Amino acid sequence: MKKSLKSLAVASSALVATATTAFAATTPVEPGDVFFTDIGQLINKALNFVMVLGALLVFGYLIWGGVEWITSGGDKGKTESARNKITAAVVGLIVLAASWAILMLLLGFLGTDLNSLFTEAGI
């Protein structure tokens, strides 16, 4: 264990030591460069972030249930707990996908998208 930590420390220090100024090069921020320009873009980016985060959490929970099932060793209680985690992850994925589909369907019926929903022209 200590040997692997030492080799990891040596490798990471070698990586840091070989870093050049190209790694730290940044472009100056112009006055017009912002993360979003209106509330529609903010909501769009927030919804995309929440959906990606939700999907990652669902898949993490699914993997956790799978690993728990594999390591249950035939114990009924542990297998049932793992099965419940996997079922909850699949239901969560279905709810996440359905909420996204309903939002897109609703916006399609309204003839708009998330970017133009809260802009000055849309209000």
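The values are calculated or read from the model by the stated rules, or taken from the named source; none is laboratory data. On a predicted model such as this, the values are computed, not experimentally measured, just so you know. Note: ideal-geometry Cβ built from the backbone for every residue, glycine included; neighbour counts use all protein chains shown.
Which one is modelled with the lowest pLDDT among residues in the stretch 42-66 that are surrounded by 12 or more Cβ atoms within 10 Å (Cβ to Cβ) and of a type in the set (V, I, T)?
Restricting to residues being surrounded by 12 or more Cβ atoms within 10 Å (Cβ to Cβ) and of a type in the set (V, I, T), the top hit is I43.
Among the residues of the stretch 88-100, is there at least one that is modelled with pLDDT of 90 or more, in contact with an Asp or Glu (Cβ under 6 Å, 6 or more places away or on another chain) and farther than 20 Å from G40 by Cβ?
No: zero hits.
Do we find that D75 is among the acidic types (D, E) and at pLDDT 90 or above in this structure?
yes
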